[in-house]
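J.: Quick one: the structure is below, questions incoming.
Here, each number is a calculation from the coordinates, and none is a lab measurement. Predicted model, so just to flag it, every value in this text is computed and none were measured. Neighbour counts are summed over all protein chains in view; Cβ atoms, including those assigned to glycine, are modelled from backbone coordinates with ideal geometry.
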Amino acid sequence: GAVVSQHPSRVICKSGTSVKIECRSLDFQATTMFWYRQFPKQSLMLMATSNEGSKATYEQGVEKDKFLINHASLTLSTLTVTSAHPEDSSFYICSAETSGNTGELFFGEGSRLTVL
Amino acid sequence: AQKITQTQPGMFVQEKEAVTLDCTYDTSDQSYGLFWYKQPSSGEMIFLIYQGSYDEQNATEGRYSLNFQKARKSANLVISASQLGDSAMYFCAMREGYGGSQGNLIFGKGTKLSVKP
């Protein structure tokens, strides 16, 4: 299957700083990427959908100014958590689909953010 | 609105036995796809099996099979011959469109499977 790489896998930062998480499709072009957030022992909740070259579509309740998503190329989408606070600590995971999509989405390994 | 329900927060199974993880879904769409993912403690989402709404036969992938009951809107995952490495969270998910090719994945709350030696 297609490979999606997410980096960093773990990050610890101080409150008030910004953190950037990268999601790369390594062997295919990802026209659409999805960003999910997962709290401990809970399910994945969609944060936003990003399409290459256009603004991301955010789900209701997700602050677009806090969670900046950029999908500048067909192989890279980034999620920047701005002015992070302890309540932003969570597991963030991206998924991507190809232009010739068959339905399956390919997931990155996830990034565990801890804000002190 | 679409919805996925997994009623079993946790399940135990003896090694080498079979286990069924329940999943029901709710949608008004005729075209959709159903997916099962495994999430070990490391956090990665591992795709297990897919069933399209128009598929007449139940999907199978090795030790995984999907018991698709369209009229009942259920898509239970059956794992045969459980192994210790099967211990993980299991998520049922749905996506719109023919082949489940549109929009985002909507996940259930998951079932934590523990395999006992």
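J.: Per the Kirkwood formula on distinct C-alpha pairs, the Rh of the protein assembly as shown is how many angstrom? Intermediate results must be reported in sequence, preceding the final value.
T.: Numbers: mean 1/r = 0.0549 Å⁻¹.
Across the protein assembly as shown, the inverse of the average 1/r is 18.2 Å.
J.: Measuring from label point to label point, each 7 Å out along Cα→Cβ, what is the A:THR80 to B:ASP26 span in nm?
T.: Distance between label points: 4.0 nm.
J.: Still on this model: Above 25 angstrom, tally the Cα pairs of chain A and express them as a % of all pairs, no decimals.
T.: On the way: 1044 of 6670 pairs.
For chain A, the share of Cα pairs beyond 25 Å comes to 16 percent.
J.: Once you place label points 7 Å from the Cα toward the Cβ at B:SER42 and A:PHE39, how far apart are they in nm?
T.: In this crude label model, B:SER42 to A:PHE39 measures out at 2.7 nm.
J.: Relative contact order for chain A using alpha-carbon pairs under 8 Å, separation at least 6, rounded to a whole percent?
T.: Details: 295 pairs, mean separation 43.2, N = 116.
It comes to 37 percent, rounded to a whole number.
J.: Largest first, please: the extent of the C-alpha atoms of the stretch A:57-114 along each principal axis, to the nearest Å.
T.: In descending order, the Cα extents are 39, 21, 21 Å.
J.: How big is Rg to Rh over chain B, alpha-carbon atoms, Rh as the Kirkwood inverse-mean-distance radius? Each step should come with its number before you reach the end.
T.: On the way: Rg = 13.6 Å, Rh = 14.2 Å.
Rg divided by Rh gives 0.96.
J.: How far is it, in nm, from the label point at A:GLN29 to the one at B:TYR98 when both lie 7 Å from their Cα along the line to the Cβ?
T.: So the label points at A:GLN29 and B:TYR98 sit 2.3 nm apart.
J.: How much FRET efficiency would the formula 1/(1 + (r/R0)^6) give for B:GLN69 and A:THR57, where r is the Cβ-Cβ distance and R0 is 30 Å, rounded to 0.05?
T.: Here the calculated transfer efficiency is 0.35.
J.: Moving to a separate point now. For the stretch B:24-39, in order, what is each residue's ³J(HN,Hα) by Karplus, 6.51 cos²θ - 1.76 cosθ + 1.60 with θ = phi - 60°, in whole Hz (x at glycine and Pro)?
T.: Ordered by residue, 3J(HN,Hα) equals 10, 9, 9, 7, 9, 6, 8, 10, 6, x, 10, 10, 10, 10, 10, 10 Hz.
J.: Other chains' Cβ within 10 Å of A:36-44 residues: what's the mean?
T.: Numbers: counts 4, 0, 6, 0, 0, 5, 4, 12, 11.
What the average comes to for A:36-44 is 5.
J.: What is the mean number of Cβ atoms from other protein chains located within 10 Å of the Cβ atom of each residue in peptide B:37-45, rounded to a whole number? Please report the intermediate quantities before stating the final value.
T.: Working: counts 3, 0, 7, 0, 0, 3, 13, 7, 12.
Average per residue, whole number: 5.
J.: At a 10 Å Cβ-Cβ cut-off, how would you order A:ARG10, A:ARG112, B:ARG95, fewest neighbours first? Each step should come with its number before you reach the end.
T.: Numbers: A:ARG10 11, A:ARG112 17, B:ARG95 24.
Least to most surrounded, the residues fall as A:ARG10, A:ARG112, B:ARG95.
J.: So if R0 is 35 Å, what FRET efficiency would B:THR7 and A:ASP65 give, r being the distance between their Cβ atoms, rounded to the nearest 0.05? Before the final figure, lay out the partial values.
T.: Values: r = 38 Å, r/R0 = 1.08.
Result of the calculation: an efficiency of 0.40.
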